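Structure record follows, encoded as structure tokens.
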């Protein structure tokens, strides 16, 4: 297992080195990404400036959601984007080459690329999170900090799992991968705000089917010392981020099914 | 003119072929529209104070935004970027045609097709299902069409300017990535301009970007009184002209720079 | 025990059918039609350690399908197969770690990396012990003359250079079995014999079992003592090259260059196959008339500038196996 990680980091090193070869371009890409994602927060700020509050939530509290979601998404994008090239690989037959190597396909695909430019989204998420954390009237304890950290990890796993599922679709069709973007990018848009503000079917979708709530709304209840309107017991709020990790594990199983399908039908 | 139509119809046909992609993209946009509407709904319900725009207006505004998203969705045409990077643009400059006009009309053609293709079904779906309302009168509708055509020209002028900025390589590349995001927010696509803080209004009203989204959308809504529309169209046209002139000037400078630098 | 044992492998594919025209395309979006292609229709053979086998057949015959199944990346519908004592598709990782595969048209090296870095990465991927890796690498670099190429990114290599690097890469982990798919395609006249020489030595001196799929009949003539011919998913022939030739036809060919471009050749014992200007291709049955007798007859009756006798080329042999003629 440790050996697999070593190989993964070796792969990543290759990717990082080739990106750093174009240093200026990397800086430009990251800066551009920073601005492109940061304007979302600007929009949020404008709306709060105009409307003062969002139901029972203040800007500082919503900023907490924003920060966690963006950091989690940035990590997932940076790490799992190697799977993006996958549909091209299936079409061109390059995927066979991966199967001919005595390593798991997940390791090889994840190791293909670590997108450094995603640091743009990461940074603006970090800034917003720190601002929110410092401005909030919350008693910060080690436990709460750990929960924030766990939420980010859980979120990164969940988004990562969605990207893996999106790539897995390429085993069956090369066309409707766009659909999953509604859930990933749409998910980011959605989870930046507390889920309580949405319609019921929407809430249910993003709680049970694509469990965004597990690393945003539910942990936030514990962090902000709020009680839920839906009668959610306290321990759920603390344990919720593990759902994201489970989601990722399930995605890998689905991926394996996809590989099995590929191996019995050719390409 | 005929060349323009040829490119538009070719693009249309190409986009129609990728029907699954088009459908999925459409579905994504409907989803986004719904998210935005729900967010606005939650904000409006938080307060009883009167706002510069009514909720119903904002709903229509959001769907107009999805229909005409292509107006602010820019990338520099990848082959133009390649051309400038590799220096082969020098051949283009040698040709006996006006490179600026060529790039501009190309931009126009490649934007018109996706715009029509996305706007029509979005109007139908949003109008029937999601509470999108038609313009209050024929006068407003006609003026809206004029303003939208103006917005299209303005968008093309801006993207052509961005392409030309690539002559200055690195700084041009950075610009090409940052500017579209700034335009998105300053045009009113992310949040309608009337909802911005009052102290920002003067600057926002002066900048050209409102001509892309704010002006045509609010004409559609009847949010702008008829007598105030003409100056806004004028604002749009003047900025377009200014940016076109700037673009032409920069192209000449950039071409000279290329020749001096040796590509 | 055989290195490779294949028994009654069957593999079918579903291929989507595209109806023509606009209406067909529309229907295609709603409901896809499929037709089944029987890529492998019950093939059986076995390979002993140390053999150098040619695996030939026309395009679409099932060659790559067979190789993919043997490599464990494709699962057959039915039949048994064992490679190096394992069922390849059931133990993919164990199988692929002991075989090498070279695709003539696709590289296994990383496009942007210098060759040596690809080698190092592969050494890691195949878990080759450091000392073994260094030894194998140095040997292969020396044998294939790769020293000047080591720091060059793969994308800058010519086809011939890349092919040599690919062959070296496939051997870094000292596999006992090597599959080569069109290894000499696109190589120049100097490089082809060099690669063939290398493969021969690999087989004779190191005992590496080699399975070679190729369209280049010179490769087959030079390298393979045993040839398996596959066509339309079935094994048509399996044995020594000479036996194959003899099995199909005993005829021989006589190529005659006439002085006169529109001279006519007619002979009761020789059939004309083709004519190109002043060159005439004839075939005859050596049991009916000996080559010497035929040559005498023809030179007596026609003005001949040059002539030569040859065996029908492999392409013709194979085409005959399906009852068509290559000519």
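The values are calculated or read from the model by the stated rules, or taken from the named source; none is laboratory data. Remember, predicted model here, so these are calculated numbers, not experimental data. Cβ sites come from the backbone with ideal geometry, for glycine too, and all protein chains shown count toward neighbours.
How many residues are facing chain C (nearest Cβ under 9 Å), assigned to a helix (DSSP H, G or I) and surrounded by fewer than 21 Cβ atoms within 10 Å (Cβ to Cβ) if we restrict to region A:72-97? Of the residues in region A:72-97, 2 are facing chain C (nearest Cβ under 9 Å), assigned to a helix (DSSP H, G or I) and surrounded by fewer than 21 Cβ atoms within 10 Å (Cβ to Cβ).
When residues in region C:142-161 are screened for being in contact (Cβ under 8 Å) with a residue 24 or more places away in the chain and within 17 Å of residue C:199 (Cβ to Cβ), 4 of them pass.
Screening region A:160-173 for residues that are in a loop (DSSP other than H, G, I, E, B) and either at pLDDT 80 or above or more than 9 Å from chain B (Cβ to nearest Cβ) (or both) and picking the one that is farthest from residue A:78 (Cα to Cα) gives A:172. When you scan region C:248-262, do you find a residue that is over 16 Å from the mean Cα position of the chain (by Cα) and within 30 Å of residue C:6 (Cβ to Cβ), even just one? So far as region C:248-262 goes, yes, one or more of its residues are over 16 Å from the mean Cα position of the chain (by Cα) and within 30 Å of residue C:6 (Cβ to Cβ).
Residue selection: residue B:180 fails the criterion of being more than 11 Å from chain A (Cβ to nearest Cβ), under 22 Å from residue A:36 (Cβ atoms) and crowded, with 16+ Cβ neighbours inside 10 Å. Of all the residues in region A:46-64, those that are more than 7 Å from chain B (Cβ to nearest Cβ) and not in a helix (DSSP H, G or I) number 3. Just one of the listed residues (C:115, C:87) is closer than 30 Å to residue C:161 by Cβ, free of Cβ contacts under 8 Å to residues at least 60 places away in the same chain, away from chain A (no Cβ under 11 Å) and in contact with a strand residue (DSSP E or B) (Cβ under 9 Å, 6 or more places away or on another chain), namely C:115. Here region A:223-236 is the region considered, the condition is being touching a residue at least 40 places away in the same chain (Cβ under 8 Å) and surrounded by fewer than 21 Cβ atoms within 10 Å (Cβ to Cβ), and the residue that is nearest to the other protein chains (Cβ to nearest Cβ) is A:224. The set of residues from region A:199-216 being within 14 Å of another protein chain (Cβ to nearest Cβ), part of a helix (DSSP H, G or I) and in contact with a helix residue (DSSP H, G or I) (Cβ under 6 Å, 6 or more places away or on another chain) comprises A:203, A:206, A:212.
Hey, among A:222, A:146, A:132, which residue is in a helix (DSSP H, G or I), modelled with pLDDT of 90 or more and over 26 Å from residue B:40 (Cβ atoms)? Checking each option against the conditions leaves just A:146.
Among the conditions (1) at the interface with another protein chain (Cβ under 10 Å from one of its Cβ atoms); (2) surrounded by 22 or more Cβ atoms within 10 Å (Cβ to Cβ); (3) without any contact (Cβ under 8 Å) to a residue 60 or more places away in the chain; (4) more than 30 Å from residue C:14 (Cα to Cα), the only one that residue C:95 does not satisfy is (4). In the set A:67, A:38, A:32, A:43, only one residue is facing chain B (nearest Cβ under 7 Å), touching a residue at least 60 places away in the same chain (Cβ under 8 Å) and assigned to a helix (DSSP H, G or I); that residue is A:32.
Name the residue, out of C:123, C:54, that is assigned to a helix (DSSP H, G or I) and in contact with a helix residue (DSSP H, G or I) (Cβ under 6 Å, 6 or more places away or on another chain). Selected residue: C:123, the only one of C:123, C:54 that is assigned to a helix (DSSP H, G or I) and in contact with a helix residue (DSSP H, G or I) (Cβ under 6 Å, 6 or more places away or on another chain). Please specify each residue of region B:189-225 satisfying the condition of being within 14 Å of chain A (Cβ to nearest Cβ), farther than 17 Å from residue B:61 by Cβ and touching a residue at least 12 places away in the same chain (Cβ under 8 Å). Of everything in region B:189-225, nothing turns out to be within 14 Å of chain A (Cβ to nearest Cβ), farther than 17 Å from residue B:61 by Cβ and touching a residue at least 12 places away in the same chain (Cβ under 8 Å). Within region C:57-78, the residues that satisfy the criterion of being more than 9 Å from chain A (Cβ to nearest Cβ), under 29 Å from residue C:317 (Cα atoms) and either out of contact with any strand residue (DSSP E or B) (no Cβ under 6 Å at 6 or more places or on another chain) or not in a helix (DSSP H, G or I) (or both) are C:57, C:58, C:59, C:60, C:61, C:62, C:64, C:66, C:69. The residue that is surrounded by the fewest Cβ atoms within 10 Å (Cβ to Cβ), counting only those in region B:47-57 that are within 11 Å of another protein chain (Cβ to nearest Cβ) and modelled with pLDDT of 90 or more, is B:52. Based on this model, can you work out whether residue A:14 counts as part of a helix (DSSP H, G or I), at the interface with another protein chain (Cβ under 7 Å from one of its Cβ atoms) and farther than 20 Å from residue A:79 by Cα? Criteria not met by residue A:14.
Looking at region C:262-276, is at least one residue free of Cβ contacts under 8 Å to residues at least 24 places away in the same chain, touching a strand residue (DSSP E or B) at 6+ places or on another chain (Cβ under 6 Å) and within 24 Å of residue C:318 (Cα to Cα)? The answer is yes, given that some residue of region C:262-276 is free of Cβ contacts under 8 Å to residues at least 24 places away in the same chain, touching a strand residue (DSSP E or B) at 6+ places or on another chain (Cβ under 6 Å) and within 24 Å of residue C:318 (Cα to Cα).
Taken as a whole, the condition of being away from every other protein chain (no Cβ under 14 Å), surrounded by 17 or more Cβ atoms within 10 Å (Cβ to Cβ), in contact (Cβ under 8 Å) with a residue 40 or more places away in the chain and under 21 Å from residue A:132 (Cα atoms) does not apply to residue A:240. Of all the residues in region B:33-72, those that are assigned to a helix (DSSP H, G or I) and over 21 Å from residue B:218 (Cβ atoms) number 5. Considering only region C:70-78, I want to know if a residue exists there that is exposed (fewer than 15 other Cβ atoms within 10 Å of the Cβ) and modelled with pLDDT of 90 or more. Yes: region C:70-78 contains one or more residues that are exposed (fewer than 15 other Cβ atoms within 10 Å of the Cβ) and modelled with pLDDT of 90 or more. Which number in (1) outside any helix (DSSP H, G or I); (2) away from chain B (no Cβ under 14 Å); (3) within 19 Å of residue A:237 (Cα to Cα) marks the one condition that residue A:157 misses? With (1) outside any helix (DSSP H, G or I); (2) away from chain B (no Cβ under 14 Å); (3) within 19 Å of residue A:237 (Cα to Cα) applied to residue A:157, the lone miss is (1).
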